[in-house]
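> Below is a structure I'd like to ask you about.
The values are calculated or read from the model by the stated rules, or taken from the named source; none is laboratory data. Since this is a predicted model, take the numbers as computed values, not measurements. We place every Cβ from the backbone using ideal geometry, glycine too, and count neighbours over all the protein chains shown.
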Ligand code: PBG
């Protein structure tokens, strides 16, 4: 029998043929490793719900980043866990805050060879766990919070961040951060905006990683996006680009591939996608039970995010993938 569709299988016959016609090539350059650094500990602390990921000491963070660099990873994003938390999250902009110190360490170690991204938010640093100042009505006060973000951006830029990544979903955050950085002489510090960031239950393990419990059993649905909305995600991205974002992010990744596809079609700035803690932990948990091949699923999922149109992918699999891809 002869029919034109015969070609569909012909090119799948051998690994070499498949490699020749692969449309998507995941490489180590696509990956950003998210890392946690905690103040006041002497030993790295494992995170129960994020197997294989730890809260680093300043010293173990340096070792980890050196090892990532050896494996070809060119970029990391840092999250800090302070020793003490307060209502405003002052550790986020304290020049001696843990992330600021870690940024300076890593800049010393790597010069310009490693792209250092700082997550810019206050939830890891506030005692109530919200991403900003909580007003008397119980809502996060947008404009009062912007002042905190401006301080944090400045502290991170001073400490050596190449890129600050505001993740708090306040309106106007990119504009305020851009203005502040420019006024203070940090016009070369870039902004990666967590633009289409959904109020996802997939952030659960991350909150364990940064010791965050939202006060009163609350959630972030008053500022993060409703996952029923796609057009709104594009509107968020459009606003952030207009305010001066150099790159934009879609987060989480796999349940939002439609947003990545549409953003890729509509915008020409680099698009990042965050394969978040819950996405990672689900794979690890199923693999630990022997239900799936975790390494294969990781490669499939992260490649799918690239196929959808992401230019860079933040993933807790970065180190494993760097080894698998080399
Ligand atoms: C906020 C922030 C969060 C994540 C990244 N930045 C948590 C949240 O919004 O509740 C989640 C990342 C993940 O789940 O891996 N600072």
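> Considering only residues of the stretch 112-136 that are part of a loop (DSSP other than H, G, I, E, B) and farther than 20 Å from residue 38 by Cα, which is farthest from the ligand (Cβ to nearest atom)?
The initial filter retains those residues of the stretch 112-136 that are part of a loop (DSSP other than H, G, I, E, B), namely 114, 121-125, 127-133, 135-136.
Those left that are additionally farther than 20 Å from residue 38 by Cα: 114, 132-133, 135-136.
On the way: 114: 20, 132: 11, 133: 15, 135: 19, 136: 23 Å.
Residue satisfying both the conditions and the ranking: 136.
> Can you tell me which residue is nearest to residue 225 (Cα to Cα) among those in the stretch 160-170 that are within 16 Å of the ligand (Cβ to nearest atom) and in a loop (DSSP other than H, G, I, E, B)?
Only one residue fits best here, namely 169.
> While we're here: Of these, 144, 215, 201, 153, which one is without any contact (Cβ under 8 Å) to a residue 24 or more places away in the chain and either over 28 Å from residue 267 (Cα atoms) or within 17 Å of the chain's Cα centre (by Cα) (or both)?
None of the others qualify; the one that does is 144.
> Checking residue 38 against (1) under 18 Å from the mean Cα position of the chain (by Cα); (2) more than 14 Å from the ligand (Cβ to nearest atom); (3) surrounded by fewer than 23 Cβ atoms within 10 Å (Cβ to Cβ), only one condition comes out false. Which one?
Of everything listed in (1) under 18 Å from the mean Cα position of the chain (by Cα); (2) more than 14 Å from the ligand (Cβ to nearest atom); (3) surrounded by fewer than 23 Cβ atoms within 10 Å (Cβ to Cβ), residue 38 misses just condition (3).
> Still on this model: Being within 18 Å of residue 198 (Cα to Cα) and part of a loop (DSSP other than H, G, I, E, B) is the filter here; which residues of the stretch 264-280 pass it?
The one that is within 18 Å of residue 198 (Cα to Cα) and part of a loop (DSSP other than H, G, I, E, B): 276.
> Give the residue, chosen from 313, 237, that is crowded, with 17+ Cβ neighbours inside 10 Å, touching a strand residue (DSSP E or B) at 6+ places or on another chain (Cβ under 6 Å) and either assigned to a strand (DSSP E or B) or without any contact (Cβ under 8 Å) to a residue 12 or more places away in the chain (or both).
The unique qualifying residue is 313.
> Could you list, in sequence order, all residues of the stretch 213-234 that are under 18 Å from residue 193 (Cβ atoms), within 14 Å of the ligand (Cβ to nearest atom) and part of a loop (DSSP other than H, G, I, E, B)?
220, 223, 224
> Condition test on residue 180, is it touching a residue at least 40 places away in the same chain (Cβ under 8 Å) and either closer than 25 Å to residue 55 by Cα or away from the ligand (no atom under 16 Å from the Cβ) (or both)?
Numbers: touching a residue at least 40 places away in the same chain (Cβ under 8 Å): no; either closer than 25 Å to residue 55 by Cα or away from the ligand (no atom under 16 Å from the Cβ) (or both): yes.
For residue 180, the condition - touching a residue at least 40 places away in the same chain (Cβ under 8 Å) and either closer than 25 Å to residue 55 by Cα or away from the ligand (no atom under 16 Å from the Cβ) (or both) - is not met.
> Among the residues of the stretch 73-97, how many are under 15 Å from residue 38 (Cα atoms) and assigned to a strand (DSSP E or B)?
Qualifying residue count for the region: 5.
> So how many residues does the stretch 286-310 have that are assigned to a helix (DSSP H, G or I), away from the ligand (no atom under 16 Å from the Cβ) and free of Cβ contacts under 8 Å to residues at least 60 places away in the same chain?
9
> So which residues in the stretch 195-207 are more than 8 Å from the ligand (Cβ to nearest atom) and crowded, with 16+ Cβ neighbours inside 10 Å?
Scanning the stretch 195-207 gives 195, 196, 198.
> Which is assigned to a strand (DSSP E or B), modelled with pLDDT of 95 or more and more than 12 Å from the ligand (Cβ to nearest atom), of 248, 283, 261?
Exactly one residue qualifies, and that residue is 248.
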